[in-house]
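Q: One structure, as structure tokens, below. Some questions next.
The values are calculated or read from the model by the stated rules, or taken from the named source; none is laboratory data. All figures in this text were calculated on a predicted structure; none of them were measured in a lab. As a convention, Cβ positions derive from the backbone with ideal geometry for all residues, glycine included, and neighbour counts pool all protein chains shown.
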Amino acid sequence: METKTCQNCKSDFVIDQEDFNFYEKMQVPAPTFCPMCRAQRRFAFRNERVLFKRKCDFSGKEIFSMYAPDAPVKVYEKNIWLSDEWDPMTYGVDIDFSKPFLSQIKDLMGVVPFKDRNVINGVNSDYSNNATDPKNCYLVFNATNAEDCMYSNGVNHSRDCVDVSHVSKVESCYESFWLADCTKTFFCSQCITSNELWFSRDCRGCQNCFGCVNLSNKSYYIFNQSYTREEYFAKLAEMKLDTRSGIEEAKKVAFDFWQKFPNKNHQGIKNLNCTGSYVGNCKNVKESFLIRESENIKYSQYLQEIPGCKDCYDFTAWGDNAQMVYECSLCGSGVDNLKFGLYLQEHTNDVEYSIACQGSSNLFGCVSLRKKQYCILNKQYTKEEYFALVEKIKKHMMDMPFIDSKGLVYKYGEFFPIEFSNFAYNETIANEYFPLTKEEAVAKGYTWRDPEDKNYTVTMQPNDLPDSINDATDAITKEVIGCSHNGDCNHRCTKAFRITQNELNFYKKNKLPLPQVCPSCRTFERLKFRLGLKLYERKCQCIGTALENGEYINAVKHFHGDDPCINEFKTGFDPVKSDIIYCEKCYQEEVD
């Protein structure tokens, strides 16, 4: 075990024997940045939910792209980028051993065209990004096999959903977070194998429940109290959930009710030897976040696509049967043995320090190559030349490292500096988890993009929308509706939005009132339920018969009897907040 000081934030971090074993297997040196600073770097290359109109640099056609018109990058629309109408190998250059190698990659990134959006096999989903096999999706991001979905992110093998985040195998769900195997689940969080739930948290195997917490295999419950079927639906009718006023009142009461019940320290199920937040069906996943069906993972995030990943460290976003990946972002679909990569996909393997390559192997420092092998800086070499040069480059990177604008040193073994990103810091998920002001970001050498002036006229104020969905007509789809936030938030508010016909049909079918805020603000409001990346050392708050502050009374006697539970753990729940946190054993005894 070794303690190091992060060269960025100056905090100490520990590299244990398990870590050293992985670095040895991957043949890389130990990192010089702490896990959080490493995550922040990768996150700064992840524009998850922002699209722009811009010109295709090949045809001049107006396209939708994840890159802003003034981003320092050439962009081709997908069909052109995948075609033989251009050859990325024509941009190949010789290695210059008088310059840091990372600066040569940066130069190459500035001239080789990138694909407009990262969508594989999309059907009628022009307004989506970072998605595999989306069909009939609108403003859906970070998805695999999503169909007929809108305004959502982290959607896997799901259909007919609106305003959901981080869900898997769900159908007809709305305004919910971290669901699996659910249908008709509205305003819920962390529920599995359940149907027709409203405003419920941490329920499993439940049906027709409202405002419930920590229930298992229950039906017709309201605020954890049992009702007959007739009583249940009569109570729901009284709440007038087809109206906005009814929803807002129910939301307030339900969310207050949630706070009265303990949370499990680890937000995940069916795991073996795992730590982190939102980890499900995993084995040996440590210090990680939003991971599904994976094994031997550490310091990683957003690996939600299934099949899951195996033997990866410091890997952010995508996955989909990825193996042996280290310090990479936005890579997936059968990839193997990747190091320090970005947008590597579709059975790419044995690749280092490369960007936006697919179906390739044995690349080092390449950009936008397809089905290539033994290339460095987009130039072709023989197999023997390639391996000899790679070893020489690695030594050169140690002897002449890249030094960024703030003096941070990047030798071989470190991911790209944030200043290499083609996105403004506030366009990326880095600003969601590691928020900075514009002044702070610019001072660190990061770019920042102010909101664009929109050319529209608001034709309806949010307060003028009908309270009940029963009073909404198709004419509402012609209106430009002002967002009730009006930009007075940090949610990338668009200040106005429309209701599409498909969206209106969804609300009518499920008897849900129209929203008053734009899709971006709805996403940020929904993600308030999501914990942060940081884990805290805490102890179980169960003291036997009651919580230590006396507010929660245990339903049964626990394994530790009348004495306080002595279990300690790592958890994503911040100790400065009022959430009640139990160890997994105490929590399981309380789940009804």
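Q: Output the residue which, of all residues in region 575-592 that are surrounded by 14 or more Cβ atoms within 10 Å (Cβ to Cβ) and part of a loop (DSSP other than H, G, I, E, B), is farthest from the chain's Cα centre (by Cα).
A: Only one residue fits best here, namely ASP592.
Q: Please pick out the residue among MET26, MET66 that is surrounded by 17 or more Cβ atoms within 10 Å (Cβ to Cβ), within 26 Å of ASP350 (Cβ to Cβ) and touching a strand residue (DSSP E or B) at 6+ places or on another chain (Cβ under 7 Å).
A: Going through MET26, MET66 in turn, the sole match is MET26.
Q: When you look at VAL335, is it among the hydrophobic types (A, V, I, L, M, F, W, C), within 16 Å of PRO35 (Cα to Cα) and surrounded by 21 or more Cβ atoms within 10 Å (Cβ to Cβ), yes or no?
A: no
Q: So, in region 483-508, of the ones that are loosely packed, with under 14 Cβ neighbours inside 10 Å and free of Cβ contacts under 8 Å to residues at least 12 places away in the same chain, which residue ends up nearest to CYS161 (Cα to Cα)?
A: Among those that are loosely packed, with under 14 Cβ neighbours inside 10 Å and free of Cβ contacts under 8 Å to residues at least 12 places away in the same chain, it is ASN505.
Q: If you don't mind, there's one more thing I want to ask. Anything in region 81-124 that is of a type in the set (S, T, N, Q) and either over 29 Å from TYR138 (Cα atoms) or modelled with pLDDT under 95 (or both)? List them, or say none.
A: Of the residues in region 81-124, the ones of a type in the set (S, T, N, Q) are 83, 90, 98, 103-104, 118, 121, 124.
Those that are of a type in the set (S, T, N, Q) and either over 29 Å from TYR138 (Cα atoms) or modelled with pLDDT under 95 (or both): THR90, SER98, SER103, GLN104, ASN118, ASN121.
Q: Pairs needed: first member in region 463-482, closer than 12 Å to SER245 by Cα; second member anywhere, polar (S, T, N, Q) and surrounded by fewer than 13 Cβ atoms within 10 Å (Cβ to Cβ); C-beta distance under 6 Å; at least 6 residues apart or different chains.
A: ASP467/SER245
Q: Residues that are acidic (Asp, Glu): which strands (runs of 3 or more DSSP E) entirely in region 262-335 hold 2 or more of them? Spell out how you get there, then give the answer.
A: Numbers: elements: 262-264, 276-280, 283-286, 288-292, 295-298, 301-303, 310-319, 323-332.
It comes to 310-319.
Q: A further question follows. Could you count how many residues in region 423-454 are farther than 15 Å from ARG49 by Cα and in a loop (DSSP other than H, G, I, E, B)?
A: Residues that pass the stated criteria total 13.
Q: Could you check, for region 463-475, whether at least one of its residues is in a loop (DSSP other than H, G, I, E, B), touching a strand residue (DSSP E or B) at 6+ places or on another chain (Cβ under 8 Å) and at pLDDT below 95?
A: We begin by selecting, within region 463-475, every residue in a loop (DSSP other than H, G, I, E, B); these are 465-467, 472-473.
Cutting the leftovers down to touching a strand residue (DSSP E or B) at 6+ places or on another chain (Cβ under 8 Å) gives us 465, 467.
Then keep just the ones that are at pLDDT below 95; that gives none.
Scanning region 463-475 turns up no residue that is in a loop (DSSP other than H, G, I, E, B), touching a strand residue (DSSP E or B) at 6+ places or on another chain (Cβ under 8 Å) and at pLDDT below 95.
Q: Out of LYS570, LYS509, report the one residue that is among the charged types (D, E, K, R), in a helix (DSSP H, G or I) and outside the structural domain of SER165 (by TED's automatic domain parsing).
A: LYS509
Q: Can you tell me how many residues within region 367-394 are touching a residue at least 40 places away in the same chain (Cβ under 8 Å) and outside any helix (DSSP H, G or I)?
A: 11
Q: I need a count of the residues in region 320-339 that are under 18 Å from PHE423 (Cβ atoms) and either more than 18 Å from the chain's Cα centre (by Cα) or without any contact (Cβ under 8 Å) to a residue 60 or more places away in the chain (or both).
A: Total meeting the criteria: 1.
Q: From the residues in region 135-173 that are assigned to a strand (DSSP E or B) and among the acidic types (Asp, Glu), which one is farthest from ARG530 (Cα to Cα)?
A: Step one: list which residues in region 135-173 are assigned to a strand (DSSP E or B), which gives 135, 138-147, 150-159, 162-168, 171.
Subsequent filtering for residues that are among the acidic types (Asp, Glu) retains 147, 163, 171.
Values: GLU147: 24, ASP163: 15, GLU171: 21 Å.
Checked region 135-173; the qualifying residue farthest from ARG530 (Cα to Cα) is GLU147.
Q: Criterion first (touching a residue at least 60 places away in the same chain (Cβ under 8 Å) and in the same structural domain as PHE186 (by TED's automatic domain parsing)) does ARG204 satisfy it? So that I can check it myself, show each step before the final result.
A: Details: touching a residue at least 60 places away in the same chain (Cβ under 8 Å): yes; in the same structural domain as PHE186 (by TED's automatic domain parsing): yes.
In short, yes.
Q: Then there's this: Identify, please: which residue in region 269-297 is closer than 16 Å to ALA317 by Cα and of a type in the set (A, V, I, L, M) and is, among those, nearest to the chain's Cα centre (by Cα)?
A: Checking each candidate, the answer is LEU290.
Q: Another question about this same structure. Which residue, of GLN323, GLN301, is closer than 26 Å to ALA30 by Cα, surrounded by fewer than 24 Cβ atoms within 10 Å (Cβ to Cβ), touching a strand residue (DSSP E or B) at 6+ places or on another chain (Cβ under 6 Å) and not basic (Lys, Arg)?
A: Going through GLN323, GLN301 in turn, the sole match is GLN323.
Q: ASP471 - would you say it is under 25 Å from PHE177 (Cβ atoms), exposed (fewer than 15 other Cβ atoms within 10 Å of the Cβ) and more than 23 Å from the chain's Cα centre (by Cα)?
A: In short, no.
Q: Still on this structure, please answer the following. How many residues, within region 245-280, are in contact (Cβ under 8 Å) with a residue 24 or more places away in the chain, more than 30 Å from ASP464 (Cβ to Cβ) and of a type in the set (S, T, N, Q)?
A: 6
Q: For region 385-410, which residues satisfy the criterion of being among the charged types (D, E, K, R), surrounded by fewer than 19 Cβ atoms within 10 Å (Cβ to Cβ) and within 33 Å of the chain's Cα centre (by Cα)?
A: ASP404, LYS406
Q: Residue check: is LYS511 among the charged types (D, E, K, R), surrounded by fewer than 17 Cβ atoms within 10 Å (Cβ to Cβ) and on the phi > 0 side of the Ramachandran plot?
A: Judged against the criteria, LYS511 is a match.
Q: Being crowded, with 17+ Cβ neighbours inside 10 Å, in contact with a Ser or Thr (Cβ under 9 Å, 6 or more places away or on another chain) and not polar (S, T, N, Q) is true for just one of PHE364, PHE420. Which residue is that?
A: Step by step, each of PHE364, PHE420 is checked, and only PHE364 is crowded, with 17+ Cβ neighbours inside 10 Å, in contact with a Ser or Thr (Cβ under 9 Å, 6 or more places away or on another chain) and not polar (S, T, N, Q).
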